[in-house]
1. When you go through (1) open to solvent by 20 Å² or more (accessible area, probe 1.4 Å); (2) more than 14 Å from chain A (Cβ to nearest Cβ) one by one for residue B:589, which number turns out not to apply?
2. Do we have residue B:596 as part of a loop (DSSP other than H, G, I, E, B), open to solvent by 30 Å² or more (accessible area, probe 1.4 Å) and away from chain A (no Cβ under 13 Å) here?
3. So, in region A:30-40, how many residues would count as being more than 7 Å from every other protein chain (Cβ to nearest Cβ) and open to solvent by 20 Å² or more (accessible area, probe 1.4 Å)?
4. Which condition breaks for residue A:95 when tested against (1) open to solvent by less than 30 Å² (accessible area, probe 1.4 Å); (2) within 14 Å of chain B (Cβ to nearest Cβ); (3) more than 25 Å from residue A:142 (Cβ to Cβ)?
5. I'm trying to understand the selection: among the residues of region A:113-149, which are closer than 16 Å to residue A:160 by Cα and open to solvent by less than 10 Å² (accessible area, probe 1.4 Å)?
6. What's the number of the only condition in (1) farther than 30 Å from residue B:602 by Cα; (2) surrounded by fewer than 21 Cβ atoms within 10 Å (Cβ to Cβ); (3) β-branched (Val, Ile, Thr) that residue A:110 fails to meet?
7. In region B:535-567, which residues are more than 22 Å from residue B:223 (Cα to Cα) and in contact (Cβ under 8 Å) with a residue 40 or more places away in the chain?
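The values are calculated or read from the model by the stated rules, or taken from the named source; none is laboratory data. Just so you know, these numbers come straight off a predicted model, no measurement behind them. Virtual Cβ from ideal backbone geometry, glycine too; neighbours counted across all protein chains shown. Ligands, DNA and RNA are stripped out before the accessible areas are found, and what is left, the full protein with its side chains, is counted by its heavy atoms. Shrake-Rupley method; radii C 1.70, N 1.55, O 1.52, S 1.80 Å.
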Amino acid sequence: MADTAVAPATGHDAHDDHGAHHSSTGLSNNKLAMWMFLGSECLLFGGLISTYMLYRGRHSENLGPDQVWDIPFTSASSFVLLMSSLTMVLAVSSAHRKDDRNTKVWLMVTALLGALFVAGQVYEFTTFYREGLGFTTSLFSSSFYTLTGFHGVHVTVGIIMLTSLVGMIGKNRVPGDKAETVELFGLYWHFVDVVWILIFTLVYLIPA
Amino acid sequence: MAIIERPTDTPAVVSPDAAPAVATPATSYGVFRRPVETTGWKSWLFTIDHKKLGIMYGVVAMAFFVIGGIEALLIRLQLAGPDGTVLSADAYNQMFTMHATTMVFLFVMPMAAAFANYMVPLQIGARDVAFPRINAFGFWTFLFGGLFLNTSWILGGAADGGWFMYAPNSSVAFSPTNGVDFWALGLQITGIASLTGAINLIVTVINMRAPGMSLMKVPIFTWMIMVVQFLLLFAIPVITVALFLLMFQRSFDATFFSVEAGADPLLWQHLFWIFGHPEVYIIVLPAFGIVSEVLPVFSKKPLFGYPLVVFSGAAIGFVGWGVWAHHMFASGLGPISVAVFSVATMAIAIPTGVKIINWVMTMWGGKLKFTVPMLYAVGVIVQFTIGGLSGVTHSVAPSDTQQTDTYYIVAHFHYVIFGGAVLGLFSGLYYWWPKMFGKMLNERMGRWNFWLTIIGMNLTFGPMHVLGLQGQPRRMYVWTENRAGDGFFNIGFWNLIASIGAFVLALGVLLFFVNIYVSHRKGTQKAPLDPWDARSLEWITTSPPKEHNFDRTPTVGHLDEFFHRKYEDRGEGDHHDYHQVATAEEIIAEEEAKGDSHIHLPSPSYWPILLSLALPIMAYGVIYNIWLIVGGAALALLSMYGWGMEPHTAPDDDYDPPAAGTELEVAAHG
């Protein structure tokens, strides 16, 4: 994700004093690209959510949504994920203050909260499976596991990226503008959280 | 990587020798030495130069064009006479599926990507795209995805469900080979290529325009490319979802599309066409952009109503999202849906018509010069309009339900795609060839190329209107004499004409390759710097352009900047009277003389190609063995770490001797 561009819009690149580069909008290329990517992701989750909404009532005699959900448990894990957005904000704020130590701490806390959420999802999936809701049990189960699985993969990728970023900050190997890189990771992380708010509402809270 | 140092007293002449000296880094940052070769195969394999990548896109797309063309010829051979025996029913199914898939995803889209990659940075006065390594990743991913898709031919058989792969034909029961798996995974991979390319080019156009180039001074081709990239950005994730569901259905026993398990057969159709209809504009808008560049040049007039052409292009992009269900009129959507999509489909003819009118008005009263690129551009206007008109007949739902899945549809979309997109791309090839390779393509041979193509395509696709209205179903692998009908409507006659036409068309395309050979033989003249009296920014540099594109970043004051530097308006008020004040040679010499002294280009990299390579490995893993997925994922992870920790330009101390402020190692460059 931390790709760098031909036209560095930041003051940290060793070469930008040569002056040939500029950005027509004043926005950095990396940030613009991240927003474009997230725009594209909206359609990805849009497709998956639509599939789920179409199929959530189709489980014939097999387990249906209302029989398997454990709303208090999922509420708790949702709360954990939302809190990780708060710690992500704190990480970005530390990065803007050039406070490497706190940046690393808050990124690590964010990753841990994310990992806790994923652990909760693993636990939830396992429980559902034991209760008899396999991936191929019904159209409902397939579309549910596909949707929440895709989200879980996004969180997991986020965790890998966050821990890698912590390592790269530690070794001072972040190319380009460090604060902006942290901010870009933050954009991704918040997006994944917002998607979860949608999923939690549409999948768990609204009765089928 | 090259840090380019200019000799202090550059002679103001246009020759490659006047290029600045290039220093190459000798060591590398991180574990591996960076690939720094400027010649030989390594300079292509690890390049991140948008021009080299553009050429590679073009070469690979042309190779797939030939493959897709051979598939088409086999189809036409099979149907040339009654009771065809060239192909079995099974092979025929694979042939038309792969013909369509190859032509759409592996020829037209990447060919447009070739022009976009090569021309967009040049047209906006940039030295490269915003993310050169992602650009390289996009190309290799497309190539490996296309190769992966085609390996299905030797691994048990290719996909056979038709290019839109409707359920239940796509299920294991009806398509037991791995063909559909290869298809789903291969398109997934090429989709990643398109998505990264889209993000890259959007950021490039929005953020990297030359000083003074406001959005309404952006050359029209670049504008159309930007619209296309937005379409890709939002359409690709939808097909991604559909392909994932298909993969889960086939490889992991889900039942997303199994009606017997209670699934909705329309889910796939909706997901596919929400992608598939924008895809139509993804295919055709780049060609519209090329035509809009070529017509003004050879009419010696500015593009008529440039803002209208821009906005109608954007309008096509928007409305293109609201018409997908017109592919599904026969599926029983209900009267309200059908009415809405029917009206929306008629509405999209308006911005398209605006473009046609603008092109005709551009030519109106111009000093027309019918060079080969111009011939192709005019060909687009005529042929695409025919396809557009038969398209309007589809928008009328009652008529469409008669035409669905007949050859009438086949006729329509070939007029649109071949007559619109492919002719447009050939126009671009002839127009920009001297820019890209420094040699003119032979005009005489080009004319033969053009006329055989036009005659061939009309002979091939014209009769299909008759065949379709007579009721010949699309994808029918054989027809019999006793049901062929009589007189004018005898389908045997028209099938034979279509097959003859296909070979005329193939001959026309073959001449293009002969033309390349003829034009690049030893002793052929170098192309002049401005062979067409062109108008836009990409011509304010040498042909082919230097590695860094422009010696200094041009400052833009006009749409058609190059034209306005060459010609001065001595007319008064609304009366224009242009007089030439400078030649291209003078303008480019001036740019060279005032060139930047120190230019940093991003460095080549191993990681894009390695990361791309991981994708087909993982895809084979999905089909054959889970350990391949693990191995591929490990390679992907390694490449991403290498990529993430590699700076885009090697630091100064990566050079031997160090670059900054010292004597430079000078390598030949030109």
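1. Only one criterion in (1) open to solvent by 20 Å² or more (accessible area, probe 1.4 Å); (2) more than 14 Å from chain A (Cβ to nearest Cβ) is unmet by residue B:589, namely (1).
2. When the stated conditions are applied, residue B:596 does not pass them.
3. 3
4. Tallying (1) open to solvent by less than 30 Å² (accessible area, probe 1.4 Å); (2) within 14 Å of chain B (Cβ to nearest Cβ); (3) more than 25 Å from residue A:142 (Cβ to Cβ), residue A:95 fails exactly one: (2).
5. Of the residues in region A:113-149, the ones closer than 16 Å to residue A:160 by Cα are A:113-119.
Scanning region A:113-149 gives A:114, A:117.
6. (2)
7. Hits for region B:535-567 are B:542, B:543, B:544, B:546, B:547, B:548, B:551, B:552.
Residues are listed down the side, and each one gets a yes or a no for (1) over 29 Å from residue A:169 (Cα atoms); (2) assigned to a helix (DSSP H, G or I); (3) touching a Gly at 6+ places or on another chain (Cβ under 9 Å):
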{"position": "A:58", "(1), (2), (3)": "yes, no, yes"}
{"position": "A:67", "(1), (2), (3)": "yes, yes, no"}
{"position": "A:72", "(1), (2), (3)": "yes, yes, no"}
{"position": "A:84", "(1), (2), (3)": "no, yes, yes"}
